[in-house]
Structure formats: C-alpha cells, structure tokens
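Below: one structure, written as structure tokens.
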Amino acid sequence: MDSEHSDTTADGPTTALALKILVAGGFGVGKTTLVGSVSEIRPLRTEERLSEVGQHVDDTGAVERKTTTTVAMDFGRITIRSGLSLYLFGTPGQDRFWFLWDELSQGSLGAVVLADTRRLEDCFPAVDYFEHRHIPFVVAVNCFADSKSFGAHEVARALDLDRGTPVVLCDARDRDSGKEVLIRLVEYAGRMHSARLLDSVG
C-alpha cells in the first residue's frame, strides 16, 4: 500500500508518501515490541492472553515469560523523514493465523522478518513466504540478552538467503535500532523495485 496526499508548507505544496511495511517472524520473536517501539502513534494491538488450552499449539519453550499473542495484526506508523511515512503491520506468528498474511501483504513495499538465533528455524516460513511472492524483505536479528551472538553473514548462510538479502542486527525494544531496520528495508526495496522496472522495459 502506498498512498500520496499533498500538504501545504511555507515553501509551497509538498507530496507526502505513505508506504506499507509488514513485520513478520515466528511466535514470540518481538514483532509487537518492534511495532510499538518505533510507532509515533499509540499502536493498535490485537492480543489475547495465552491459555492452557493453547499450550499444545503455541510453543512457549524459549519464551516462557510471554503471556499474550497477536491474533490478527499490530498496526503502527512512523515518519522516516519529511514527506515519507511507513504504515507498519505486524503479522501473527502462528501457523493457524497465516490466512491473514495474504490480505496484509497486498500492496506492501516489503517486509521485515524478525529472527531469534535461539530458534532460527521459526523464521523459515516467513522467509519462504516472501521469497516465493517476490516481496523484498530484510532479516532483522533481534539480539536477546541470553542468545548467542552471530554475525550477519552467519545468519544469512544459516537461512540460505538469496544473494544480497540484507541481514541486520537490532534490539526490537529500541526505537533508533528499529528505525534503522526500516530504513534499510526501504532502501533495499526501492532498489529491488527499480531493478524490476528496468527489467520490464529493457
């Protein structure tokens, strides 16, 4: 989703651009935290408390302190610079909610795939989803305090990413760190879309 509207400033009319970004990844990896930390508006959250009934489908083994889960989406907004805003849509991480991903991904510029090196395999489905649909994405490794440190190249190899797919290290709780991830995505997605446009007219 990208939309434009004109604002009037002291220098005359300007065109504001809003881009749609998805934040995806496995269960409990920090998607809601990232959207909330960078959003300049109060984020919309659709969270429900985890119950004993759901314990057999929601693996909380590595996130014992997690008490809620996203059941539809998170929504936030951040202004990257004058005239450029991002609308952030955090996707639910569990398999049973993936039917929502097709709706959320329509019109998106690209996606952030959050990864946790303690359970890297949890982000495989998100990586596959965006690769198969040719949606540009970056992998953002959420650096938890008790997780082993790995470099970006090591993570890229472990995930078997397509050549050139960016991998960045971040702290989903930190606004500046999250903003840097989003800037990297916008730059990468812009290059990808430009390359595809040139290929189509070449």
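Some notes on this structure:
Residues checked against (1) among the β-branched types (Val, Ile, Thr); (2) touching a residue at least 60 places away in the same chain (Cβ under 8 Å); (3) assigned to a loop (DSSP other than H, G, I, E, B):
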position: Val127; (1), (2), (3): yes, no, no
position: Asp146; (1), (2), (3): no, no, yes
position: Ser149; (1), (2), (3): no, no, yes
position: His153; (1), (2), (3): no, no, no
position: Tyr188; (1), (2), (3): no, yes, no
position: Arg191; (1), (2), (3): no, no, no
position: Ala195; (1), (2), (3): no, no, no
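- Of the candidates Gly36, Gly28, the single residue that is in a loop (DSSP other than H, G, I, E, B) and either modelled with pLDDT under 95 or under 18 Å from Ile183 (Cα atoms) (or both) is Gly28.
- Condition met for Ala111 (among the small types (Gly, Ala, Ser) and either without any contact (Cβ under 8 Å) to a residue 60 or more places away in the chain or over 16 Å from Tyr188 (Cα atoms) (or both)): no
- For region 78-108, a residue qualifies if it is assigned to a loop (DSSP other than H, G, I, E, B) and either touching a Lys or Arg at 6+ places or on another chain (Cβ under 6 Å) or open to solvent by 50 Å² or more (accessible area, probe 1.4 Å) (or both), and the qualifying residues are Ser82, Trp98, Gln106, Gly107, Ser108.
- Residues that are under 18 Å from Val35 (Cβ atoms) and open to solvent by 20 Å² or more (accessible area, probe 1.4 Å) within region 109-121 comprise just one, Leu109.
The values are calculated or read from the model by the stated rules, or taken from the named source; none is laboratory data. Bear in mind that the values here come from a model prediction, so they are computed numbers and not experimental data. Here Cβ is always computed from backbone atoms with ideal geometry, including for glycine, and neighbour counts include all displayed protein chains. Protein only, heavy atoms only, side chains kept; ligands, DNA and RNA dropped before computing areas. Shrake-Rupley method; radii C 1.70, N 1.55, O 1.52, S 1.80 Å.
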